[in-house]
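First comes the structure, then the notes that go with it.
Nothing in this text is a laboratory measurement; each read-out follows from the coordinates by a stated rule. Note that the coordinates shown come from a computational prediction; the quantities given were computed from them, not determined experimentally. As a convention, Cβ positions derive from the backbone with ideal geometry for all residues, glycine included, and neighbour counts pool all protein chains shown.
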Amino acid sequence: MCDAVTNASEPTAEFTVPLKEVQSVEGQAVEMTCELSKPGQTVTWLKDAVELKADDRVELVVDGCDHRMVIRNATLEDEAEYTVKLTDDVTTKATLWVEGASKKKARNTCIAPQAAYRSCSGAVRVTDRADVQPIGHRLLTSHTQPWSAV
């Protein structure tokens with residue numbers, strides 16, 4: 001909850017709603033949002049620990065206690081860990097995953113012995129029954145047995 005009344009003796013604001021992991025597809029607009037306990041706070045947005053500046057594709061918006069980053073036309077290069085920093089001790093972090101548009105069309109779940117999924121890094125052979133899903137540039141599997149690259 002955002003409290004509009006401030007007092008000099010009160011501690012610095014805190015994040016009442018942290019950033020959350022976001023999954024998107026290349027070419028789509030992406031929004032990451034967090035909320036502070038007090039309005040009028042200046043934050044710094046970081047992408048992989050490097051300060052992020054607004055430009056023609058990236059918009060940094062403040063609306064009272066809400067702080068929002070909007071990326072228009074997301075690219076694979078936008079995939080990163082994003083941090084909103086109020087002070088050195090008051091931060092929130094989350095990852096933005098961007099999936100290639102061509103991969104989105106082919107995305108599926110493989111559940112079969114010796115199933116193969118072709119990713120941008122080559123084929124992976126699952127040596128046992130498993131659920132396999134591509135997430136961004138990574139391959140997630142519920143498979144608990146070893147797997148190997150083909």
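Working from label points 7 Å from Cα in the Cα-to-Cβ sense, the Lys53 to Val25 distance is 3.3 nm.
Extending 7 Å from the Cα toward the beta-carbon at both Ser102 and Thr75 defines two label points whose distance is 1.7 nm.
As a proxy for reagent exposure, Thr12, Thr33, Thr92 were ordered by neighbouring Cβ count within 10 angstrom, fewest first; the result is Thr12, Thr33, Thr92. Proximity of backbone amide H atoms, modeled 1.01 Å from N, is registered between Ala80 and Leu96 at under 5 Å, excluding neighbours fewer than 5 places apart on the same chain. Packing, taken as the mean count of other beta carbons within 10 Å per residue, orders the peptides 55-62, 40-47 from highest to lowest as 40-47, 55-62.
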